[in-house]
Amino acid sequence: MTKSVMKITGMSCANCAARIEKGIGALEGVSSAVVNFAMEELIVSHDEGAISEEEIGRRVQELGYGAIRSEPAGELTFAVRGLHCASCVNRLEGRLLEEPAISTAIVNLAAETGFVRFDPERIGAAEIFAIVHDAGYTPVELREAEAAGSDELRIQRNWFIFSMAASLPIMLTMGLHHNRAVLQFNFLLATAVQFTAGLAFYRGSWAALKNRSANMDVLIALGTSAAYFYSLASFAGLLGPGSEVFFETSAMLIAFIRLGKYLEARARGKAGEALKKLLHLQADKARLVTEEGEREVPASIIRVGDVVLVRPGETIPVDGEVIDGSGAVDEAMVTGESMPVLKKEGDTVTGATISKSGVLRVRATRVGEATLLAQIVRMVREAQGDKAPIQRFADAVSGWFVPVVILLSAVTFSVWFFPFNSDFLTAFRFAIAVVVIACPCAMGLATPTAIMVGSGVALGCGILVKKGSALEIISRLQVLLLDKTGTLTRGTPDMTDLVPASRSVDPERLLECLATAEAHSSHPLAQAAVAAAEASGITPGQASEYEERGGFGITCTYNGFRLAVGNERLMEAEGVNLAPVAGKAVELAAAGKSLIYVAAGQALVGLAAFADTLKPESARAVAEFRRLGIRTCMITGDHADVAAIVARQAGVDSFEAEVLPGRKQEVVREYQQRGLITGMVGDGINDAPALAQAEIGIAIGGGTDVAKETGDIVLMRDDLMDAVRAIAIGRATLAKVKQNLFWALFYNVLGIPVAAGMLSRYGITLKPEYAGLAMAFSSVSVVLNSILLKRVGRQL
């Protein structure tokens, strides 16, 4: 099954999205089709053998919309800087065609773009960009969607300015309709507005009606046309002498709707700011280190294995490993953490993070679409394109909304004209007001804009939401299962206790002997012992006659003494009496700690205890879960006595011990069978089956390869408090969705009766042009309300 993503143009409301979903979903070979109205994207899962992406695009066009498909494998379009004349075109095309893996190369001088068709098995985008660069030009990746968004905003603004400029003179001369010259002037202005700024609504209406459906364009075209053509007939004298002309109604109606569309486009742009910021993070330049020295090159030509130099203040261009140097790196883009992280030789760094101090030499390990930034961008787009379950309600309402509104408009006219015996013009104006005040757009924008902003807020906190629907589901969480190792605890042992055998033994001397013996071992307990010594400012000494015995421990010679460092079996083999620490050893073992004895010769020096300790934030996070009304249960493969101690320290409601990895999935299923919405927090790899089974899988400590993580939400930091933040963001997002849907419904429930003149006996009526203004601002208010979610991010 293939997933294709297309940018859709020409949609005016949620009905358009529903029509495209219905039309594409009905095609043979298509398993699912989801349209995100807010992002203007179509995501289709289809069988490539049964139906191609090109055929899907053609069907979208048949439905009356535009479809910009993503580049297929083997084709690449890019911008080219440095082209000056036709000779440049011929030269670059010739250089590209010299590569056997490239079959087609077309360079457009006017557009400053290049198109290449190639064999993806033999060459990739980075190699193609390298050829262009070697030919003396600069290749630049296209950002079509971003440019298209800027163009749309400018077009909407220009149409509003034009329609308002043409409408104002009509409004100002409304009282001069007895003057024929003024009427002629107003007729020309209204006609210009109707068939230029209003032409898009006719096109949208025709496309909708041709496909046997109706959308917001139909309502606008119907309302404006009724007002315009009635005025035209009156102006031409076809309705008799003294008939009223109101060209201002159609002109101002279009102007106000254009204003609403412009403000909506601006607001939607702000709603998607998180993704735009990500796209701008990528470095354009890199300092490539070669045998000849260093040179500045476009970041797009860096390949895996290349070495780049990063100076303070510069953006790291690729994911890689530090091979020389050290310095502080700002990783806020990845983790949301404001404090820079020290990076030294052997550490990994992420592209788009910023070096704050020190010079780093980095060997590229991932470039292009494989980098963490590219993975995050792709996942954020997919999450923002995902439909939350609550969206189904809005889709259902939008499906019958327009026909019902047209029916209500007809009923309004009939009631006013016949039973109430009103004049034709009064009934006509009420009918037009009903048509233009109704707004399915607000319903369609209610959910996707909130999901878009919510996922952006989460991303700013180091929380990657992989499915937009996860934000709704996590807000309803009832039970949260927590893996012990690596989630509640650090996942690596720490030295917790150091017990001298007698008062005459210096603890520092005991730790020195322990660290000296363990310095060359790779065992986790040995590394923890050395780390504890270093933290105390103790440097391991130089030992000789070193021997590591599997299952026992280590023996060596240090300062003339034979040291034996290991478990109880090693002490027995060395003839060491453990009686001085026997009581303490039993106590520590009962607490689930691992013990290492230290002996010099046959004399016991002391005892060290190690345990996988609780993370500092775990108890606080569990307390927050309880405050949010969520029950917590710890799952671990450890013995029950160890699990009980950790559970008590963390404060979880319950725990399950001695659970094998395969059993974790069963535990999740058992809670679900009780009718509880269940979440699981784990490391994303070992706990993959349980994360997949849960309604919400949360992978903690996502690291640098988030694409491999199982689960709906990835916590980029190794911090359980981020799970609390994710729940808070999910609840705030769902609250905004409900607010948006309420206001969208309330607006229509209140606005349509007012527009129909039901409150006219109290002197409350609504002229058609102001009804259109109200309709336009209903969509804007929904988007602006969603943007208020950003305040949640600042409070976390």
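Derivation of every value follows stated rules applied to the coordinates shown; laboratory data play no part. Because the structure is predicted, anything quoted here is derived from the model rather than measured. Using ideal geometry, Cβ is built from the backbone for each residue, glycine included, and neighbour counts are taken over all protein chains shown.
Things to note:
- Linear extension gain, His520 paired with Leu578, 0.36 nm per residue minus alpha-carbon span: 18.3 nm
- Positive contributions from Lys and Arg (+1) and negative ones from Asp and Glu (-1), summed over other residues with Cβ under 12 Å from the Cβ of Glu62, come out at +3.
- Debye log10 I(q)/I(0) at q = 0.06, 0.07, 0.09 Å⁻¹ for the chain, Cα point scatterers: -0.54, -0.70, -1.00
- Set of aspartates and glutamates with alpha-carbon distance to Lys343 below 12 Å, sequence-local pairs under 8 removed: Glu321, Asp324, Asp330, Glu331
- Rg then Dmax, both in Å and based on the Cα atoms of the range 573-702: 19.2, 63.
- Under 17 Å from Lys767, Cα to Cα: aspartates and glutamates that are on another chain or at least 8 residues apart: Glu244, Glu248, Asp423
- Size estimate for the range 584-638 follows the Kirkwood approach: the inverse of mean 1/r over distinct Cα pairs works out to 14.4 Å.
- Integer Hz, Karplus 6.51/-1.76/1.60 couplings in order for the range 746-760, x for Gly and Pro: 4, 4, 5, 5, 7, x, 5, x, 5, 5, 6, x, 5, 10, 5
- Chain lengthening between Gln527 and Tyr546 when straightened (0.36 nm per residue, less Cα-Cα): 5.2 nm
- Once C-alpha pairs closer than 8 Å and six or more residues apart are averaged by separation and normalised to the residue number of the range 2-71, the relative contact order reads 44 percent.
- The local environment of Pro500, defined by Cβ-Cβ distances under 13 Å, has a net charge of -1 under the rule Lys, Arg +1 and Asp, Glu -1.
- Equivalent ellipsoid dimensions for the range 402-546 as semi-axes, Å, which come from the Cα gyration tensor, largest first: 81, 13, 12
- Restraint check, Lys356/Lys466; Lys736/Lys790; Lys285/Lys356; Lys615/Lys664; Lys344/Lys615, Cα-Cα greater than 19 Å: Lys356/Lys466; Lys615/Lys664; Lys344/Lys615
- Distance in nm between pseudo-label sites at Arg295 and Arg91 (7 Å out along the Cβ direction from Cα): 1.6 nm
- Using C-alpha pairs under 8 Å with a sequence gap of at least 6, the mean separation divided by the residue count of the chain gives a relative contact order of 12 percent.
- Working from label points 7 Å from Cα in the Cα-to-Cβ sense, the Leu176 to Arg509 distance is 10.9 nm.
- Between 0 and 90°, nearest 10: helix 507-518 axis offset from the chain longest Cα axis: 80 degrees
- Each Cα pair of the range 504-549 feeds into the Kirkwood radius, which the Stokes-Einstein equation turns, at 25 °C and 0.890 mPa s, into a diffusion coefficient of 229 µm²/s.
- Inter-part distance where the range 624-682 and the range 300-334 are each reduced to a Cα centre, Å: 40 Å
- Translational diffusion of the range 718-776, estimated by Stokes-Einstein from the Kirkwood radius over alpha carbon pairs at 10 °C in a medium of 1.306 mPa s, is 111 µm² per second.
- Peptide packing: for 21-28, 229-236, the average count of neighbouring Cβ atoms within 10 Å per residue gives the ranking 229-236, 21-28, highest mean first.
- Segment Glu658-Ser103, extension gain: residue separation times 0.36 nm, minus the distance between their alpha carbons: 193.8 nm
- Ordering 534-546, 156-168 by mean Cβ neighbour count within 10 Å, with the highest value first, yields 156-168, 534-546.
- Extending 7 Å from Cα along the Cβ direction at Thr77 and again at Ala590 yields two label points whose distance is 7.4 nm.
- Taking the Cα atoms of the range 465-602, the ratio Rg/Rh between the radius of gyration and the Kirkwood radius comes to 1.17.
- Peptide packing for 470-479, 452-461 was compared via the average number of neighbouring C-beta atoms within 10 Å per residue; ordered from the highest value, the list is 452-461, 470-479.
- Intensity falloff of the range 688-796 expressed as log10 I(q)/I(0), Debye formula with alpha-carbon point scatterers, at q = 0.23 Å⁻¹: -1.18
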